[in-house]
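To start, the structure under review is shown below, and the notes come after it.
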Amino acid sequence: MTANYIPKRPHKKSREGCQTCKTRKVKCDEAQPTCTYCEKRNLNCIYPIRQDRSKLLTPPTSINSAGPSRDVSPFEKDEATELAMTTKLIMPPWIPPPTLVTSSGGLTLTDMRLLHHWSTITCSSLAIGDAAGTTLQMVVPQLAFENDFLLNAILGIASLDMGRLKPDSQENQKQSVIYRGRAFHGFRNVLPRLEPGTRTYEAALVMSILLVVLYSPNPIVEEDELIIMKWLIFYRGLSVVIKMSSMPDIIKAGSVGPFFRRQITDLKIGPVVPKILVSMLQEIDIMDPDFLMLEYYCKVLDALGILYASLKQDGLGPELYIRVVSWCSYIGPEFTDCATQRRPRALILMAHFLVFIKVVKGLWWLESIPDRDLGKILKMLGPRWAPYLEVPLKASMTTDKDEIAALLLR
């Protein structure tokens, strides 16, 4: 007895789906001009350019023959068909669609080059710690493909980094300005619609910090403009985004949590505050306008004391560097207002913080900031404030990080 043979139902696999569905590995219903999947998600639906199969299968004819046209193909009919189909797949006659599709469309060759630079070089020199570097390399690009403001931000930073490695290239500077403008415009538009717990919210958190990097290495337009002031303003914006959720939830539950760590180890000693700065605040007269700001000056001085304590406990290393980079996140809006008003005592406290930035190693976007801002602050303040600026003045005259560290601990 023989079993009845049931033939397997043939399955025809379509190759005509849109590139967006293929990239995201979803089934495409091939609706034209926009498939259902892309239409529902407001994505850019890109179909591969189709060829006329009849033209591919038509064998060439002899144009010099006096008689009727004859087949001159060296292949048999089946072989010619197979060759034509293979050619259609691997050698399209037009430019193929982009291999990466983002929320704003396909990437250009320049975008691809900068994205590669970001993943291989830039991401490892933006933050402190392996966990933060991995987040920037693996998680942030995925968020960027879904949120064009973040994509433009990382491309702009990669362009700045590439320009640093090729200082004679003007093209990278122009690209950085374009990407920065797109990033800021897109970020501003998405802020009113943010919802905590979403991927766009995580992208906005990362964007809030990357704005600090994106604006730091750029040339100064105004003579008295201070980069450190931009930091305070950007971190104020970050605090607004964070308050929509909570920092513990972001660190524990969010995929970008490692990027928001503000310390690696706990401090075993209390804040160490320089006596000269304590004296500066103690001497504020009740009639001085700064007297109303004394509470906020003291909070900033305590935050500065944590850096001195970290340097004393851990020395020069990642433990100190991560506290220095995240220091502005501890500063309240009241002190930020005093600093933007160029109040002398606020500028002096900022000058002492800038000395700590000078000892940080491995972050290229910080390199030019301390000396540039220190020079401007020292120029703004007159002889009356010179006794409080001895350490910043001496630090501005050296590039030796060990020497600067010894100066801070003196």
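Rule-based calculations on the coordinates, nothing more; no lab input. Being a predicted model, the structure only gives us computed values, none of them experimental. Neighbour counts are summed over all protein chains in view; Cβ atoms, including those assigned to glycine, are modelled from backbone coordinates with ideal geometry.
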Inset, instruction - Going by C-beta contacts inside 10 Å, put T265, T20 in order with the fewest on the left. - result: T265, T20
Inset, instruction - First check a/c for the range 275-408, with a ≥ b ≥ c the square roots of the eigenvalues of its C-alpha gyration tensor; if it is under 1.5, answer rounded, and if not, answer prolate when a/b is larger than b/c or oblate otherwise. - result: prolate
Legend entry - Note, ³J(HN,Hα) from phi for the range 298-313, Karplus 6.51, -1.76, 1.60, rounded to Hz, x at Gly and Pro: 5, 5, 5, 5, 5, 5, 5, x, 5, 5, 5, 5, 5, 5, 5, 7
Legend entry - Estimated FRET transfer efficiency when R0 is 56 angstrom, pair V240-E16 (beta carbons, to 0.05): 0.75
Legend entry - Extension gain from D224 to D302, taking 0.36 nm per residue of separation minus the Cα-Cα distance: 25.4 nm
Legend entry - the range 323-386, relative contact order in percent, only Cα pairs under 8 angstrom and at least six apart counted: 33
Legend entry - Two-site label geometry, S125 and R188: point separation in nm, points 7 Å out along Cα→Cβ: 3.1
Legend entry - Neighbour-count order for D302, D148, fewest beta carbons within 10 angstrom listed first: D302, D148
Legend entry - For a label point 7 Å along the Cα-to-beta-carbon line of M380, residues of the range 304-341 with backbone N under 12 Å: 336-341
Inset, instruction - Report the extension gain between Q137 and K401 in nm, rounded to one decimal, defined as 0.36 nm multiplied by the number of residues separating them, less their alpha carbon distance. - result: 92.2 nm
Legend entry - Residue-wise HN-Hα coupling along the range 379-390, computed from phi with Karplus coefficients 6.51, -1.76, 1.60 (Hz; x: Gly, Pro): 6, 6, 8, x, x, 4, 9, 4, x, 8, 10, 4
Legend entry - Karplus-derived 3J(HN,Hα), 6.51/-1.76/1.60, for each residue of the range 391-406, Hz, glycine and proline x: 5, x, 5, 5, 5, 5, 9, 9, 10, 6, 5, 5, 5, 5, 4, 5
Inset, instruction - Give me the number: length gained by fully extending R199 to K40, i.e. 0.36 nm times residue separation minus the C-alpha to C-alpha distance, one decimal in nm. - result: 55.5 nm
Legend entry - Relative exposure of R41, R182, R24, judged by other C-beta atoms within 10 Å (fewest first): R41, R24, R182
